[in-house]
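These notes are about the structure you will find just below.
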Amino acid sequence: MPNSLHSQLNFFSLCIRKKNFWILLVIDIALLIAAHGCAYLTRFPGGFEASTFNYPFAATLPLLIAVKIPIFYAFGLYRGMWRYTSLNDLFNVLKATSISFFVVVATILFVNRFDGYPRSIFFLDAIFTFLLISGHRVAIRFFYQKVEGSRTLVASRHHEGKKRLLLIGAGDAAEQIIREVKSNPTLPYTIVGLVDDNPGKIGLKIHNIPVLGLVEDLDEHCTRANAEELLIAVAALTGAQMKRLNELCRQTRIEYKVLPGLGELINGRATIKAVRDISYKDLLGRKEIHLDQDEIGNFLTSKTILVTGAGGSIGSELCRQIIHYQPAHLILFDAGEENLYTIQMELEHELNFTNCCPILGKIQNFNLLSTIIERHKPSIIFHAAAYKHVPLIELNPWEAIFNNIKGSQCLVEAAIIHKVERFVLVSTDKAVRPTNVMGASKRLSEMIMLACTKEKWDGSLTRATPSQKTHNTIFQAVRFGNVLGSSGSVIPLFKRQIELGGPVTITNPEVSRYFMSIEEAARLIIQAGAMGQGGEIFILKMGKPIKIDKMARDLIRLAGREPDTEIAIKYIGLRPGEKLYEELITEGEGIVPTLHPQIMVLRGNGKTYTEINDHILKLKEKAKVFDGEGIKQLLKQLIPEYQPEKPAT
């Protein structure tokens, strides 16, 4: 017996034993009789005596019921919980009614060619059937929402107070939130009103919740409605708009939250569960990234992909973004046990992606890299592993040589030896005219990558493997600035200082940096990786640089405090290796736009792999004896634009 038929029979036998099924069935039969009676009386207003037809009313009813009830069952009208009637359910009623109409008409036409049957009565019967059957279902939902729901709500209020919530915004997102709160009495909110910037909406209602007035009068409306919490229910706001709403909410001195942007919501569906505190990312207000899904799909789908630094800020977000494109296998490589375990558990248990393999190890271990790549045969490598903390690396420069430079070199050579299709290096804006060891080490990583492009490759390998004069691996780098919320970001430090009551420490009032969200950075890295032909350094458009001083003041205000008065700001001078302004390109690098509006590209040139490797060998010797000054001098020889700066005050 087919599984579908077997399940149908099981469900039917279950229905027979259920009391609600029989009640609904009896009511439907009564409604079908009433619908046909209404159709007859509409056709013949004078009643049965006024009919010129010898119409067998009573004899027709069994035919109608025998046809309609099985069709209703086939369309699932006895499967749903009608307290949750939706438009889709009503559409099923319409389809079932239409099919049954055609079946009844065809049957009567076949039996006696409508002898004694007025044709219009069956059209009317179909209309009344739909109205009565669907009306009954809607009535059930209305009862549970308005009557039973109100009883539950009263009981809930009796045992637990609900916050009086005022919504900012009277659009689609607000409508979804209102509907969710009304349909779920267990939620700890009761919505008392809405405000909006559109004067034409004042006085209108959404699900019986009134639009009280304009957003600019928010404080007054909060007082009138006795609101206890605010929710910014607009899923698409610019940074300037969010700053304005944040300031208006702050002036009310009551708690306020925000819906995430549509890019963060599943299927763009606003839900009360997604509500969160306003973050600096909201104030940044960067536009949603639009990706070439087909190009990325061809790039990632069904491929085996290796991500180094998979437990870090960028690496973990790359993993989250990559699995959306259904890779065949994802190799997670990281030196940190806790970070590696965390991203593995998130992918497997929260994001339901189980085709991943965690590898605990260091990228300086060439034998491990070679074994892993040979065993799993990745098509693509995203190299995100690196030390990125500028002051720490400035104090421990040998670690940049071991990890950032030697590690990148090991990975590049392993990729060539084992014929990896594509290699994407995650770089940084600090590689541009570097003033610190970290930036210089990332610039040297770029130079290694560029020297390994097919056009410049001289076949020089440092490993004990057969020399390869040619290879087909596509090498490219992606360069961008700071990301909000990363492990090296200043924002967690500022938040912690604010929680402790200050002071918030800023190196210099004129310091500015480029910022983007981690999600945005990861998406653009993947997009750039799909675009590359080899030898490119892709530059992500970071927008305008942001002054760190202004960022700190905004974060203090987000926390409901006032800078300088409630939370002190202290200027401590630039740290070792830091500079006032960051750059994304060096003058004369020859940057050009790409087909993607937020990605630019430059083609680098430089030394051969043999020349670079000679310097790297010397750097390794200096690193082994922890000679920081010697390392810096060698870096200056190899990277002329590297100019270490003394800390400014």
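The table that follows gives values for the structure above.
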{"read-out": "Restricting segment 482-511 to residues that are within 10 Å of I548 (Cβ to Cβ) and part of a loop (DSSP other than H, G, I, E, B), the residue that is modelled with the lowest pLDDT", "value": "V490"}
{"read-out": "Some residue of segment 74-83 being modelled with pLDDT under 80 and part of a helix (DSSP H, G or I)", "value": "yes"}
{"read-out": "Test: residue in segment 243-258 that is modelled with pLDDT under 70 and under 30 Å from Y325 (Cβ atoms)", "value": "no"}
{"read-out": "Filter result for L61 (surrounded by fewer than 18 Cβ atoms within 10 Å (Cβ to Cβ), closer than 16 Å to L124 by Cα and at pLDDT 80 or above)", "value": "yes"}
{"read-out": "Subset of segment 84-109 (residues that are modelled with pLDDT under 80, in a helix (DSSP H, G or I) and not aliphatic (A, V, I, L, M))", "value": "Y84, N88, D89"}
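Table: residues versus (1) assigned by TED's automatic domain parsing to the domain that holds L595; (2) of a type in the set (F, W, Y); (3) within 21 Å of Y387 (Cα to Cα).
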position: P503; (1), (2), (3): no, no, no
position: A522; (1), (2), (3): yes, no, yes
position: A528; (1), (2), (3): yes, no, no
position: E536; (1), (2), (3): yes, no, no
position: D549; (1), (2), (3): no, no, no
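One line per residue, one yes/no per condition, for (1) part of a strand (DSSP E or B); (2) surrounded by fewer than 19 Cβ atoms within 10 Å (Cβ to Cβ); (3) at pLDDT 75 or above:
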site	(1), (2), (3)
A270	no, no, no
D282	no, no, no
D294	no, yes, yes
N298	no, yes, yes
A310	no, no, yes
G315	no, no, yes
N339	no, no, yes
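The values are calculated or read from the model by the stated rules, or taken from the named source; none is laboratory data. Please read all numbers here as calculations on a predicted model, not as lab measurements. Every residue, glycine as well, gets a Cβ built from its backbone with ideal geometry; the counts of neighbours run over all protein chains shown.
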